[in-house]
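Colleague: Can you read through this structure? Questions will come right after.
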Amino acid sequence: MKRLVGIVVVVGVLLAVQLLLPSILPNPYYQRILMLCGISVILAVSLNLVNGLTGQFSIGHAGFMAVGGYTAAVLTMRVLPPLDQALRGMGLPDPVSQGAVLLLALLGGGALAALAGWAVGLPSLRLRGDYLAIVTLGFGEIIRVTILNIDAIGGARGLSGVPQYTNFFWVGLWAVIVVVLSYNLLASTHGRAMLAVREDEVAAEALGVDTTRYKVTAFVLSAFFAGVAGGLFAHFDGYLNPSSFTFLRSIEIVTMVVLGGMGSVSGSVLAAIFLTALPELLRPVKEYRLVIYAFLLIVLMITRPQGLMGTRELRLPWTRRKPAGAGAGATR
């Protein structure tokens with residue numbers, strides 16, 4: 001019952017903010033920054049499942065984002081319009097019919113991205129360290145180059161005309177889902193098994209932990225939410241281009257995870273917001289923007305090599321009592 005009340009409260013708050021957002025932030029520019037921060041949170045927290053929780057090193061997250069984004073866009077544009085028309089014909093208001101179409105498109109994009117994560121993860125997660133990083137990097141580039149050569153989805157021109165169904169409610173809802181799932185996973189026996197893989201894979205195997213299974217599970221979950229984030233991005237901008245999913249995009253997401261603290265969910269959230277908003281805050285000094293941005297990152301990594309949060313976690317009322325991943329330094 002308590003969980004049901006929590007879900008109703010979260011949905012109600014998100015709907016209220018969505019309705020009041022034009023009054024709170026009348027400037028579309030600030031609304032855009034807010035939305036991009038939410039999408040970055042989903043990407044960073046989902047990558048943290050692989051890089052932080054299981055201790056692997058994936059730098060192909062933008063590839064899964066591209067798979068989910070293009071899949072969701074194609075579903076909305078070419079597969080689901082009859083459903084949208086049918087819902088409208090039943091008298092449902094536009095936000096409801098569009099929301100139903102968007103939800104199905106996001107689930108489809110996330111599912112295909114998860115399938116890609118499984119296909120890449122099953123053979124490659126037997127590798128470790130730099131070798132795994134090279135495989136995931138290669139996957140991301142294969143996806144980007146493949147999209148460049150598929151004319152049916154725009155190729156190098158990009159895919160335009162994607163319905164702009166994404167709003168604050170959907171971005172906030174998926175951000176809450178991935179954060180709560182990550183917190184509760186950390187506090188579960190499965191989370192402890194993943195942490196054992198991170199700390200010492202050989203010892204974990206010796207104790208009977210199926211290391212490959214847990215690494216693949218983390219990889220699939222991470223890819224699913226990256227695909228959802230890609231779908232939200234596609235339906236927010238209304239346009240997709242392969243240049244949005246380059247190697248540098250993957251590095252940006254990895255930077256968020258490292259800066260926030262490897263394995264820290266709340267750290268990934270804070271770092272995602274910080275690194276997404278910082279370039280926009282520095283626009284008044286546009287000549288020195290990138291220099292200041294790089295300087296601040298260097299200072300942070302020197303002064304806080306363990307990341308903004310280290311291994312600590314902020315407590316959330318709707319999560320399990322004690323996160324398992326934070327160790328002795330966790331806040332209670």
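Colleague: Considering only segment 252-272, I want to know if a residue exists there that is among the aliphatic types (A, V, I, L, M), touching a residue at least 24 places away in the same chain (Cβ under 8 Å), open to solvent by 60 Å² or more (accessible area, probe 1.4 Å) and out of contact with any Ser or Thr (no Cβ under 7 Å at 6 or more places or on another chain).
Modeller: yes
Colleague: Mind checking whether some residue in segment 172-195 is of a type in the set (A, V, I, L, M), exposed (fewer than 13 other Cβ atoms within 10 Å of the Cβ) and free of Cβ contacts under 8 Å to residues at least 24 places away in the same chain?
Modeller: No: zero hits.
Colleague: Grab the helices (runs of 4 or more DSSP H) fully contained in segment 178-262, keeping just those with 3 or more residues being β-branched (Val, Ile, Thr).
Modeller: Details: elements: 189-199, 201-206, 211-237, 247-260.
Because the criterion is at least 3 residues that are β-branched (Val, Ile, Thr), the helices (runs of 4 or more DSSP H) in segment 178-262 that meet it are 211-237, 247-260.
Colleague: Give me the pairs, please: first residue somewhere in segment 198-219 and surrounded by 15 or more Cβ atoms within 10 Å (Cβ to Cβ), second residue anywhere and among the charged types (D, E, K, R), beta-carbon distance under 6 Å, and either six or more positions apart or on two chains.
Modeller: These pairs meet every condition: 211/201; 211/205.
Colleague: Take segment 193-217 and flag every residue that is in contact with a Ser or Thr (Cβ under 7 Å, 6 or more places away or on another chain), over 24 Å from residue 115 (Cα atoms) and not charged (D, E, K, R).
Modeller: First, pick out the residues of segment 193-217 that are in contact with a Ser or Thr (Cβ under 7 Å, 6 or more places away or on another chain): 194, 197-198, 201, 204-205, 214-215.
Those still in the list that are over 24 Å from residue 115 (Cα atoms) too: 201, 204-205.
Correct list: 204 only.
Colleague: Follow-up question, since we're still on this one. Residue by residue through segment 280-294, note down the ones that are closer than 30 Å to residue 313 by Cα, surrounded by 14 or more Cβ atoms within 10 Å (Cβ to Cβ) and not β-branched (Val, Ile, Thr).
Modeller: Once the filter is applied, which keeps residues that are closer than 30 Å to residue 313 by Cα, surrounded by 14 or more Cβ atoms within 10 Å (Cβ to Cβ) and not β-branched (Val, Ile, Thr), segment 280-294 yields 280, 282, 293.
Colleague: Still on this structure, I have one more. From the list 102, 112, 87, which residue is in contact (Cβ under 8 Å) with a residue 60 or more places away in the chain, within 22 Å of residue 15 (Cβ to Cβ) and surrounded by 15 or more Cβ atoms within 10 Å (Cβ to Cβ)?
Modeller: 102
Colleague: If you don't mind, there's one more thing I want to ask. For segment 116-164, which positions are touching a Leu at 6+ places or on another chain (Cβ under 9 Å), loosely packed, with under 15 Cβ neighbours inside 10 Å and among the polar types (S, T, N, Q)?
Modeller: 160
The values are calculated or read from the model by the stated rules, or taken from the named source; none is laboratory data. Since we're looking at a predicted model, the values are computed, not measured. Note that each Cβ is placed from the backbone with ideal geometry, even for glycine, and that neighbours are counted across all protein chains shown. Please note that ligands, DNA and RNA were not included when accessible areas were found on the heavy atoms of the full protein model with its side chains. Shrake-Rupley method; radii C 1.70, N 1.55, O 1.52, S 1.80 Å.
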